[in-house]
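Trainee: Can you read through this structure? Questions will come right after.
We did not get these values from a lab; they are worked out from the coordinates using the rules stated. Keep in mind it's a predicted model, so treat the numbers as computed, not measured. No Cβ is skipped: glycine too gets one built from the backbone with ideal geometry, and neighbour counts run over all protein chains shown.
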Amino acid sequence: MRWHAALLLLVGSVMSANDAHAEDPTQGARTRMVAEQIAARGVRDERVLDAMRRVPRHRLVPEEQQSRAYQDRPLPIGHRQTISQPFIVGFMTASLDLDGSERVLEIGTGSGYQAAVLAELARHVYSIEIVAPLAARARADLVELGYENISVRAGDGYQGWPEEAPFDAIIVTAAPDHVPEPLIEQLAIGGRMIVPVGSGEQELVLLTRTAAGITRDRVLPVRFVPMTGEAQD
């Protein structure tokens, strides 16, 4: 009996260990996504690549899009909005050059995927979404995934989040036809902002704030949904 009980205990321990280390069935797809769509196209920041291997993108898109979650394409998320293709998420995130100490402002929460990637790399993420149902869904999904360093609110991101400013980094995931001045004002000295700009042809613009002023670099042609709300006025 003692031998039998010991055997059951051993088997139970092995099963528990196997369960605890069971491989995520989507991990292979994420690993391939990072290798083939992001690293192969020039994103070299290992912290960014590791974060994108960890974040379950399929959990942050509508159920009908989950089978396409790790393809190199933007996906519709409802309300005429999309989630950016993985390469763009990786490229924009790497452009911010995060080290883990930053407070980051995101304009355009969408599904919450970009916020989750940022949360793996920064101290705290503040994210604003103009479409209230998307903000509510993203907030719930991010809480369910265990993220405690993301604050999501519904509202117009043009004016930023002044009560939490300044920010070490700002990322904008919808395209205004100009860089909103309130966002520039909320960028800390030494901070970076990446934003798609344009009403027809668009390009990513990287702004860096120094003690001497703002530098702007045009880095990549892109295509984003337009920034709505005050940006259109």
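Trainee: What percent do you get for the relative contact order of segment 57-130 when only Cα pairs under 8 Å and 6+ apart count?
Mentor: The value is 25 percent.
Trainee: Another question, then. Under 12 Å from the Cβ of HIS178, count the other residues' Cβ atoms, weight Lys and Arg +1, Asp and Glu -1, and hand me the total.
Mentor: That works out to -3.
Trainee: Can you compute the charge dipole magnitude of segment 26-232 about its Cα centre, using +1 on each Lys and Arg Cβ and -1 on each Asp and Glu Cβ, nothing else charged? Give it in debye, rounded to the nearest 20.
Mentor: 620
Trainee: Now, a different point. I'd like to know which of PRO196, ILE107, SER95 lies farthest towards the positive end of the charge dipole of the chain, counting +1 on Cβ of Lys and Arg and -1 on Cβ of Asp and Glu.
Mentor: SER95
Trainee: Next question. Could you give me D for the chain, from Stokes-Einstein at 25 °C and 0.890 mPa s, where the hydrodynamic radius is the Kirkwood radius over C-alpha pairs? Units µm² s⁻¹, please.
Mentor: Answer from the Stokes-Einstein relation: 131 µm²/s.
Trainee: Towards the positive end of the charge dipole of the chain, with charges on Cβ (+1 Lys, Arg; -1 Asp, Glu), say which of ALA231, ILE150, THR215 has the farthest Cα.
Mentor: With unit charges placed on the Cβ atoms, the residue in question is ILE150.
Trainee: From the backbone phi of segment 156-171, what are the Karplus-calculated ³J(HN,Hα) couplings (6.51 cos²θ - 1.76 cosθ + 1.60, θ = phi - 60°) in whole Hz, Gly and Pro given as x?
Mentor: In residue order, the calculated couplings are 7, x, 4, 8, x, 9, x, 5, 10, 6, x, 10, 6, 8, 9, 10 Hz.
Trainee: A follow-up question, please. For GLN202, enumerate residues with amide H under 5 Å from its amide H, sequence gap 5+ or separate chain, H modeled in the peptide plane.
Mentor: Here the answer is VAL222, since their amide H atoms fall under 5 Å of that of GLN202.
Trainee: Still on this structure, I have one more. Under a 10 Å cutoff between Cα atoms, tell me which one of GLY191, GLY146, GLY157 has the largest fluctuation in the Gaussian network model of the chain.
Mentor: GLY146
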